[in-house]
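Coordinate-derived values only; no laboratory data. Computed from a predicted structure; not experimentally measured. Cβ atoms come from the backbone with ideal geometry, glycine included; neighbour counts cover every protein chain shown.
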Amino acid sequence: MKKYYYDLHIHSCLSPCGDDDSTPNSIAGMGELNGLQIMALCDHNTCKNCPAFFEACINHGILPVAGMELTTAEDIHAVCLFPDLESAMEFDKCVNTRRILIPNRTDIFGNQLICDSEDNIIGNDEYLLSNATDISIEEAPSLAEKFGGICFPAHIDRDSNGIIAVLGTFPETPDFTAAELHDRKKLDDYTEKYSLEGKRIIISSDAHYLWDIKEAEDFLELEEITDPYKTGESIIKFLRENK
């Protein structure tokens, strides 16, 4: 087994609330500087910057994971991670048909920039990405699984869009095998209060700015990853297992 320092929830300039400087190449470069080994890109309701992110990560010696921060119909944020880039892009196509299309107001919400791996802007999404989809929190895990992925609640310790803040509790169903915390100091309290024993708890940054990306602090113990393009397979296998 090998220790891998990670951050599995990072936003790029494609998320309307993300900084324009958070391009795929800049994110990968910051991860390298911070001593990370595995990084996941999780923009709001889209995976369209994941291809550039994969290429940039490989260039910087980072193991990439393709992901998405899905906003459910209840306005709950959930992290979705996929075994490979192709699966993520197919999930992206599916979610795109389930979005509620509201034209983006860049003066209010910010830009939604699609980039290549060298930070060139090659497009944008004209519809707001951060609003709710019509996918319920009950449906989200099984939908991600159809594409080989895993879905689990994001930043459960936050008041904004966290599953506990919205529902008042951590539900018994769906039976999530994992959950994400933003503040590791709350780990013991939340584990006891919401009966999270046995679940894999991930500590990730939910970074919207480059300086918010984690440093090498939290790690996963995994079998050595030999194919960087299939890093997601190892992560998903780990997160599906009970502690």
Problem set entry | Note, ³J(HN,Hα) from phi for the range 9-20, Karplus 6.51, -1.76, 1.60, rounded to Hz, x at Gly and Pro | 7, 10, 9, 9, 5, 7, 6, x, 8, x, 6, 5
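Which order do K48, K185, K199 fall in if you start with the one that has the fewest other Cβ atoms within 10 Å? Working shown, then result.
On the way: K48 23, K185 9, K199 19.
Arranged by neighbour count, lowest to highest, K48, K185, K199 become K185, K199, K48.
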For this session: Quick one: which residues, 5 or more positions from H44 or on another chain, have an amide H under 5 Å from its amide H? H modelled 1.01 Å from N in the peptide plane, none for Pro or chain starts.
Result: S15, E69
Seminar exercise, completed: Between the modelled labels at L187 and E241 (7 Å from Cα along Cα→Cβ) the distance in nm is 1.7 nm
Problem set entry | Correct choice for Kirkwood radius over Cα pairs in Å that was computed from the model, options (1) 17.5; (2) 18.1; (3) 18.6 | (1)
Seminar exercise, completed: In a Gaussian network model of the chain with springs linking alpha carbons closer than 10 Å, the residue among E224, E69, E32 that fluctuates most is E224
For this session: Write down the percent of antiparallel bridges among all DSSP beta bridges whose residues are both part of the chain, to the nearest 5.
Result: 55 percent
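Classify the range 175-243 from the C-alpha gyration tensor, please: rounded if a/c falls under 1.5, else prolate or oblate depending on whether a/b exceeds b/c. Write down the numbers at each step before the final one.
Working: a/c = 2.25, a/b = 1.16, b/c = 1.94.
Oblate.
Using 0.36 nm per residue, how much length does the chain from T173 to A73 gain when fully extended, once their Cα-Cα distance is taken away?
Values: separation 100, 0.36 × 100 = 36.00 nm, distance 1.61 nm.
Here the segment from T173 to A73 would lengthen by 34.4 nm.
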Exercise. If you place +1 on the Cβ of every Lys and Arg and -1 on the Cβ of every Asp and Glu, how big does the dipole about the Cα centre of the range 2-240 come out, in debye to the nearest 20?
Worked result: 340 debye
Problem set entry | Hz values of 3J(HN,Hα) by residue in the range 165-171 - Karplus curve (6.51, -1.76, 1.60), Gly and Pro given as x | 5, 7, 9, x, 7, 8, x
